[in-house]
Amino acid sequence: MTEDKKALFVRRLFSRVPAEYDWLLDILSLRQDRHWRDRLVQAADSSNGNLVLDVATGTGLVASRLAKKIGTNGLVVGVDLTLPMLQTAKATLSTKGQGRSTDWVLARAENLPFKDEVFEASTISLALRNVSDAQKTISEMSRVTVSKGLVASLDFARPLHNIQRFLYYPYILAFFPLIGRLVSKAWYDTFRYLGPSILRARTGRQVVNIMKQEGVLDARSVPLTGGIVCLVYGRKR
């Protein structure tokens, strides 16, 4: 699959920010991102799989948790289209002693370089809105997952309550870029993209519908932190 303008843009954007990514996400989510990742890994853990795929793995935050869950006899394969992110993930997890239980592949989410039905679970975290084709991404995740294996997506959505929206939208649209400007030009550009991208993110119900179209018939949506993010997961038929 040739790269389109969005894929090139996302690659350039996130290639500039891997060093600060983890701690900035932690701070700006008020440490809620840890809870979100834990819920995703809990869902993936229910598959009892020894071979797990983490799509758009970034700096390996989810991959690290998955590797810890499945133990030394398993393998987590992290895929990302951004080489600096993968290099950061590999270095970080190696220092944690997880080098042997993780592997890294440079590839696009819409064109996973794996055979059909090889992973017991596949996950994508805070990135479905960043891919060029969400339907194709879920289709690829389903394709490489075994029958009865888990397919899971965690991403930003819409707050459920008006008061939350009143506070949340200025936070991501105005405060995010302000913080980014204080950190670096690269982070200012990143945060100017992130706010609007979150507002355009699919709802949990929309992701459920995509999953069902791609063979994850029991997909369900679980809102977290008042609907700021949604965990959508189910088992491939």
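Computed from the coordinates by the stated procedures, all read-outs in this text should not be read as laboratory data. Not measured: the values here are computed from a predicted model. Heads up, the Cβs are rebuilt from the backbone with ideal geometry, glycines too, and the neighbour counts pull from every protein chain shown.
For residues that are under 27 Å from residue 5 (Cα atoms) and under 14 Å from the mean Cα position of the chain (by Cα), tally how many sit in the range 63-99.
Count: 9.
Condition check ((1) closer than 24 Å to residue 37 by Cβ; (2) surrounded by 22 or more Cβ atoms within 10 Å (Cβ to Cβ)) across all residues:
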residue: 118; (1), (2): yes, no
residue: 147; (1), (2): no, no
residue: 157; (1), (2): yes, yes
residue: 197; (1), (2): yes, no
residue: 203; (1), (2): yes, no
residue: 213; (1), (2): no, no
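Go through (1) within 25 Å of residue 10 (Cα to Cα); (2) in a strand (DSSP E or B); (3) of a type outside the set (Asp, Glu); (4) in contact with a Gly (Cβ under 9 Å, 6 or more places away or on another chain) one by one and return the number of the condition residue 150 breaks.
All conditions are met except number (1).
Could you check the range 1-47 and list, in sequence order, the residues that are under 20 Å from residue 89 (Cβ atoms) and small (Gly, Ala, Ser)?
Residues satisfying the conditions are 7, 15, 19, 29, 44.
Say we look at the range 122-145 and pick out the residues that are touching a helix residue (DSSP H, G or I) at 6+ places or on another chain (Cβ under 6 Å) and not in a helix (DSSP H, G or I); which of these is surrounded by the fewest Cβ atoms within 10 Å (Cβ to Cβ)?
The residue in question is 132.
Taking the condition surrounded by fewer than 19 Cβ atoms within 10 Å (Cβ to Cβ), among the aliphatic types (A, V, I, L, M) and touching a residue at least 12 places away in the same chain (Cβ under 8 Å), does residue 151 pass?
Considered against the rule, which asks whether it is surrounded by fewer than 19 Cβ atoms within 10 Å (Cβ to Cβ), among the aliphatic types (A, V, I, L, M) and touching a residue at least 12 places away in the same chain (Cβ under 8 Å), residue 151 comes out as no.
For residue 54, are the conditions met, namely being charged (D, E, K, R), under 22 Å from residue 208 (Cα atoms) and in a helix (DSSP H, G or I)?
Judged against the criteria, residue 54 is not a match.
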